[in-house]
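These notes are about the structure you will find just below.
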């Protein structure tokens, strides 16, 4: 159950367990979505081509919400 004083980690774990979202993964090392291409290149420039992790969580649409 979601509570006001939940930590971010507990809140995220609840969402993953309920099927609302994916677990965190690295968009840089595990591919990136086409629509994120320009943002990805902006980050590459910001980091001067150095390797960086871009943590992502994908939200899911639940069939019962459609």
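Computed from the coordinates by the stated procedures, all read-outs in this text should not be read as laboratory data. Keep in mind it's a predicted model, so treat the numbers as computed, not measured. Cβ sites come from the backbone with ideal geometry, for glycine too, and all protein chains shown count toward neighbours.
Multiplying the residue separation of residue 20 and residue 3 by 0.36 nm and subtracting their alpha-carbon distance yields 4.5 nm. Estimated purely from DSSP H runs of n ≥ 4, each contributing -39500 (n - 2.57), the mean residue ellipticity at 222 nm for the chain is -9000 deg cm²/dmol once divided by its residues. Spin-label model, residue 30/residue 42: points 7 Å from Cα along the beta carbon direction are separated by 2.4 nm. Taken over the C-alpha atoms, the chain has Rg and Dmax values of 15.1, 44 angstrom.
Take the Cα of residue 60, step 7 Å toward its Cβ, do the same at residue 11, and the gap between the two points is 2.0 nm.
Express the relative contact order of segment 7-66 as a whole percentage, based on alpha carbon pairs under 8 Å and six or more residues apart in sequence.
RCO, segment 7-66: 48 percent.
With respect to the chain, whose longest principal axis is taken over its alpha-carbon atoms, helix 37-46 is tilted by about 60°. So what's the angle, to the nearest 10 degrees on a 0 to 90 scale, between helix 8-17 and the longest Cα principal axis of the chain? That works out to roughly 70 degrees.
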